[in-house]
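Single-structure report; data block below.
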Amino acid sequence: MAEQTIQLTKLASCAGCGAKVGAGVLAQLLGGLKIHSDPRLLVGFDKSDDASVYQVTDELAIYFGIEGLNMRSIADDPYLFGQIAATNALSDVYAMGGEPKLALNLLCIPESMPKEAVHQLLRGGYDKAYEAGVIITGGHSILDPEPKYGL
């Protein structure tokens, strides 16, 4: 039986983070929502960031971030896409001065996507995470017409 080739970029309506809601539109959508505060919240809702940082002790803060639901394939090769998506997610932690330790997968895939392609996508993400010393501890996967992946 011939190996089935998939071109992930043909399944994506836009590349990379091109699906993000613009800052102005997002500000309108969030307008009027009550914002809770905590003096230990170093980065939060008010910073218009896509992550948050919470001070646990004088020496320790925890970074919370999601990078993936907007990460659509920018590469046809599933393994490469997994590597790019994981690297993108981990770079967000490094950009905020953090040291990533744990991650959760965020995976959206079309029902028609070959299982081997999904496996390769996940393997690419896992390989990059493990290379950085990060343990993937679980996550969520859903059926979606467009493949999306991140941590």
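The values are calculated or read from the model by the stated rules, or taken from the named source; none is laboratory data. Only a predicted model underlies this, so the values are computations on that prediction, with no experimental measurement involved. Neighbour counts are summed over all protein chains in view; Cβ atoms, including those assigned to glycine, are modelled from backbone coordinates with ideal geometry. These area figures cover heavy atoms from the full protein model, side chains too; ligands, DNA and RNA do not enter into them. Shrake-Rupley method; radii C 1.70, N 1.55, O 1.52, S 1.80 Å.
Miscellaneous remarks
- For Gly97: the one exception among (1) surrounded by fewer than 17 Cβ atoms within 10 Å (Cβ to Cβ); (2) in contact with a helix residue (DSSP H, G or I) (Cβ under 8 Å, 6 or more places away or on another chain): (2)
- The residues listed here are Ala103, Ala85, Ala89, Ala51; of these, the one that is at pLDDT below 90, open to solvent by less than 40 Å² (accessible area, probe 1.4 Å) and within 15 Å of the chain's Cα centre (by Cα) is Ala51.
- Any hit, segment 105-123, residues being part of a strand (DSSP E or B) and more than 14 Å from Gly82 (Cα to Cα): no
- Of all residues in segment 124-138, those satisfying the criterion of being buried (at least 16 other Cβ atoms within 10 Å of the Cβ) and outside any helix (DSSP H, G or I) are Ala132, Val134, Ile136.
- Condition broken by Cys14, with the remaining ones in (1) at pLDDT 80 or above; (2) out of contact with any helix residue (DSSP H, G or I) (no Cβ under 9 Å at 6 or more places or on another chain); (3) closer than 27 Å to Glu146 by Cβ satisfied: (1)
- Residues of segment 139-151 that turn out to be part of a strand (DSSP E or B), open to solvent by less than 50 Å² (accessible area, probe 1.4 Å) and not hydroxyl-bearing (Ser, Thr, Tyr), as a count: 3
- Yes/no for Gln83 being in contact (Cβ under 8 Å) with a residue 40 or more places away in the chain, farther than 27 Å from Gly22 by Cβ and either part of a strand (DSSP E or B) or in contact with a Pro (Cβ under 7 Å, 6 or more places away or on another chain) (or both): no
- Sub-7 Å Cβ pairs linking a first residue in segment 106-133 that is of a type in the set (Asp, Glu) to a second residue that is in a helix (DSSP H, G or I), at least 6 apart or interchain, are Asp127/Gln83, ordered by first then second residue.
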